[in-house]
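K.L.:
Handing you this structure, nothing more for now.
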Amino acid sequence: MPELPEVETVKRGLAPTMEGALLVNAELRRPDLRFPFPVDFSSIVGGQRIVSLSRRAKYLMIDLEAGDVIIAHLGMSGSFRIEQGALPETPGEFHHPRGKDEKHDHVIFHLEGSAGPARVIYNDPRRFGFMDLARRETVSAHAFLRGLGEEPTGNALDAAYLAGRFAGKAQPLKAALLDQKNIAGLGNIYVCEALWRSGLSPLKPAGALVDGQGKAGSALQDLTVAIREVIADAIAAGGSSLKDHIQADGSLGYFQHSFSVYDREGEACRTPGCGGTVARIVQAGRSTFHCPRCQK
């Protein structure tokens, strides 16, 4: 499933075509994806100008001029492609064939922008993605968004914030980091990478990083920096492009070539002087990759 950097990459890829364009029509080719589309979805969004695109956690947000917000989630296999002008074209090269079989084109946004007509097509073979509607003034209270923690890309995520969330918790550190109420949008891949960068075991109790006065220790400060840096690096590289993910323009990101621990079971740890071997364990049904020697 695409993680935060992948969704950020898709948002940035779609923005030049969608922002400022008139959404002439939202063509729905089936009544549902993972969930049914909202009642009157097409009639509500059709005819509105797109003000901006944004992201909250792993959700893509499309703000419309009348105050409506389209909330989109890519699920496991969802992707967008752009067709510009009179004839369809898919820019970029696809490493993993996808997004060209029209039987999986479930939503088509017909746009009129400064460069002329365009179509933004949502393709989803497995149909685990979904789209919903909210009002801008109440979007933060939406069922998918309420209760989400701070973004790992914003200044609000600091060691003091995490100390407040982790104090007194015996929960394993990895589980605490994956809890969306603590950090919004942080997923399995980047948790593994951040823990490796900060030299912390995924099995360590989250509360062990907070002192008796509720203040962050140096290890939690290092972890906070590692989280922000690994997400920033992934966004800069265009996401991970694992299996089903592709950028909006069809090109691949390359951050997966920089993974230091994720999916590297049995390989040598890349920490200088460590000499350990990357191991894989299972926590709450998810694979965790770490180095037992240098991550304590």
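K.L.:
Going by average Cβ density within 10 Å per residue, which order do the peptides 170-177, 64-71 take, highest to lowest?
P.N.:
So the peptides 170-177, 64-71, ranked by packing, come out 170-177, 64-71.
K.L.:
For the chain, build the charge dipole from Cβ charges (+1 Lys, Arg; -1 Asp, Glu) around the Cα centre, then report which of ALA21, LEU200, PHE41 sits farthest towards its positive end.
P.N.:
LEU200
K.L.:
Work out from phi, with θ = phi - 60° and the Karplus expression 6.51 cos²θ - 1.76 cosθ + 1.60, the ³J(HN,Hα) of each residue of the range 53-58, listed in order in whole Hz, and give x for Gly and Pro.
P.N.:
10, 9, 9, 10, 6, 9
K.L.:
Another one. Taking only DSSP H segments of four or more residues, each worth -39500 (n - 2.57), what value at 222 nm results for the chain once the sum is divided by all its residues, to the nearest 500 deg cm²/dmol?
P.N.:
Dividing the helical sum by the residues of the chain leaves -6500 deg cm²/dmol.
K.L.:
Please compute the Cα-Cα pair-distance distribution of the chain with 10 Å bins starting at 0, giving whole percents from short to long.
P.N.:
6, 26, 31, 21, 12, 3, 0
K.L.:
Using a Gaussian network model on the chain with a 10 Å cutoff between Cα atoms, which of ALA156, ALA118, ALA72 fluctuates the most?
P.N.:
ALA156
K.L.:
Still on this structure, I have one more. Students often get this wrong: which residues of the range 1-41 have the backbone nitrogen under 13 Å from the point 7 angstrom along Cα-to-C-beta of PHE128?
P.N.:
1-3, 34
K.L.:
In the range 95-242, carbon and sulfur make up what percent of the accessible area (probe 1.4 Å)?
P.N.:
Carbon with sulfur: 52 percent of the solvent-accessible area.
K.L.:
Same structure again: Tell me the net charge near VAL39. Cut-off is 14 Å between Cβ atoms, VAL39 excluded, with +1 for each Lys or Arg and -1 for each Asp or Glu.
P.N.:
Charge balance near VAL39 sits at -4.
K.L.:
Could you give the accessible area per residue of the chain, probe 1.4 Å, as a whole number in Å²?
P.N.:
I get 44 Å² per residue for this part.
K.L.:
Whole-Hz Karplus ³J(HN,Hα) for the range 121-126, in order, using 6.51 cos²θ - 1.76 cosθ + 1.60 and θ = phi - 60°, x for Gly and Pro?
P.N.:
3J(HN,Hα) across the range 121-126, in whole Hz: 10, 9, 10, 8, x, 8.
K.L.:
By per-residue mean of other Cβ atoms within 10 Å, what is the highest-first order of 76-82, 231-237?
P.N.:
Top of the packing list down: 76-82, 231-237.
The values are calculated or read from the model by the stated rules, or taken from the named source; none is laboratory data. Since the structure is predicted, the reported quantities are computational estimates derived from the model, not experimental observations. Here Cβ is always computed from backbone atoms with ideal geometry, including for glycine, and neighbour counts include all displayed protein chains. Remember, those area values only see protein heavy atoms, side chains included, never the ligands or the DNA or RNA. Shrake-Rupley method; radii C 1.70, N 1.55, O 1.52, S 1.80 Å.
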